[in-house]
1. Could you list, in sequence order, the residues of the stretch 5-29 that are surrounded by 15 or more Cβ atoms within 10 Å (Cβ to Cβ) and small (Gly, Ala, Ser)?
2. Residues of the stretch 17-42 being out of contact with any helix residue (DSSP H, G or I) (no Cβ under 7 Å at 6 or more places or on another chain) and part of a helix (DSSP H, G or I), which ones?
3. Determine which single condition residue 99 fails, assuming it passes every other condition in (1) polar (S, T, N, Q); (2) under 31 Å from the mean Cα position of the chain (by Cα); (3) surrounded by fewer than 12 Cβ atoms within 10 Å (Cβ to Cβ).
4. Looking at (1) within 24 Å of the chain's Cα centre (by Cα); (2) more than 30 Å from residue 11 (Cα to Cα); (3) in contact (Cβ under 8 Å) with a residue 40 or more places away in the chain, which one does residue 89 not meet, given that it meets all the others?
5. When you go through 72, 96 one by one, which is the residue that is modelled with pLDDT under 95 and aliphatic (A, V, I, L, M)?
6. Taking residue 52, is it in contact (Cβ under 8 Å) with a residue 24 or more places away in the chain, in the same structural domain as residue 10 (by TED's automatic domain parsing) and part of a helix (DSSP H, G or I)?
7. Suppose we filter 94, 117, 108 for residues that are in contact with a Lys or Arg (Cβ under 6 Å, 6 or more places away or on another chain), surrounded by fewer than 19 Cβ atoms within 10 Å (Cβ to Cβ) and within 30 Å of residue 131 (Cβ to Cβ); which single one remains?
8. Of all the residues that make up the stretch 64-87, how many are at positive phi and either in a helix (DSSP H, G or I) or not assigned by TED's automatic domain parsing to the domain that holds residue 136 (or both)?
Amino acid sequence: MMAWIVWLIVAAVLGVAELMTTTFALGILAVGACVAAGVGAAHLGLPFQLLAFVVASGAGLGFVLPVARRHVKQPPLLRTGPAALVGRSASVLEEVTGQSGRVRIGGEEWSARSYDETLVIPAGRTVDVMQIEGATALVYPRE
């Protein structure tokens, strides 16, 4: 069997193993095996194929792997706009029911509804913003 075919089989096995583990390292080794297969297809000897595999894999593991892992472990996206209000506290200005009400969230007045439609929250209570639907805050009373 030709050496480049063996390298392609190794690359396929490493690629499947990468899909099972999602470590990125096995995928980089699979790319190194593909490079070695290319060198083998150019009819260069086994020492050149091994050298190509080691160099390509080493470069990938040394340079590409840290960058890939950094991109996967990025901090959560910053919430802005109305989505940033979810989880904040608010004070009830007008009685909040399942249909209507008014609350003050961080100095702004918002229309509000009770998150649990059966609850009636009197004015003066402190509530938590559970969700924002359009320009209406869905709130739940604090205990």
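1. Our first condition is that a residue be surrounded by 15 or more Cβ atoms within 10 Å (Cβ to Cβ); within the stretch 5-29, this holds for 6-8, 10-11, 14-15, 17-18, 24-29.
Residues satisfying the conditions are 11, 15, 17, 25, 27.
2. Taking the stretch 17-42 as the starting set, the residues that turn out to be out of contact with any helix residue (DSSP H, G or I) (no Cβ under 7 Å at 6 or more places or on another chain) are 19-23, 38, 42.
Within the stretch 17-42, 19, 20, 21, 38 meet the criteria.
3. Going through the list (1) polar (S, T, N, Q); (2) under 31 Å from the mean Cα position of the chain (by Cα); (3) surrounded by fewer than 12 Cβ atoms within 10 Å (Cβ to Cβ), residue 99 breaks only (2).
4. Unmet condition: (1).
5. Details: 96 fails: modelled with pLDDT under 95.
Criteria check complete, one pass: 72.
6. Details: in contact (Cβ under 8 Å) with a residue 24 or more places away in the chain: no; in the same structural domain as residue 10 (by TED's automatic domain parsing): yes; part of a helix (DSSP H, G or I): yes.
Criteria not met by residue 52.
7. On the way: 117 fails: in contact with a Lys or Arg (Cβ under 6 Å, 6 or more places away or on another chain); 108 fails: in contact with a Lys or Arg (Cβ under 6 Å, 6 or more places away or on another chain).
After applying the criteria, what remains is 94.
8. Taking the stretch 64-87 and keeping what is at positive phi, we get 81, 87.
From what is left, the residues that are either in a helix (DSSP H, G or I) or not assigned by TED's automatic domain parsing to the domain that holds residue 136 (or both) are 81.
Within the stretch 64-87, residues that are at positive phi and either in a helix (DSSP H, G or I) or not assigned by TED's automatic domain parsing to the domain that holds residue 136 (or both) number 1.
The values are calculated or read from the model by the stated rules, or taken from the named source; none is laboratory data. Note that this is a predicted model, so its numbers are computed, not measured. No Cβ is skipped: glycine too gets one built from the backbone with ideal geometry, and neighbour counts run over all protein chains shown.
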